[in-house]
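Notes follow once the structure below has been shown.
We did not get these values from a lab; they are worked out from the coordinates using the rules stated. This structure is a prediction, so every number in the text was calculated from the model and none was measured. In this analysis, Cβ positions are derived from the backbone assuming ideal geometry, glycine residues included, and neighbour counts consider all displayed protein chains.
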């Protein structure tokens, strides 16, 4: 009985830990810690492409530093979560896809080609 409970607890713990981290091949793009804050106010509805890339009102979306995937939701560093269809508002700005590499964290750079395209990108740096 004890080994069954212990094994079950380990499986549950591993499942919880896996849900708190974005998978290495996840198309979740996140920003590196910002030394400066862009001044635009961003607001829109979150959606996803067939490739799993996140959009803010049809623009590719870079999430604030520290954001991770929790199942189908994006979890901000402060624990708030946003699902597809949610509205999010915050500070950041808009950049050309060719220039956005300077704000991406290292883990996001290899995934950028899947999600960014060649147009404008929404960079969400903070969500008050």
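Worth a mention:
- Where the Cα pairs of segment 55-128 fall when distances are cut into 10 Å bins, in %: 19, 55, 26, 0
- The calculated FRET efficiency for residue 39 paired with residue 101, based on their beta-carbon distance and R0 = 25 Å, is about 0.75.
- As computed over segment 58-98, the Cα convex hull volume per residue (Å³): 98
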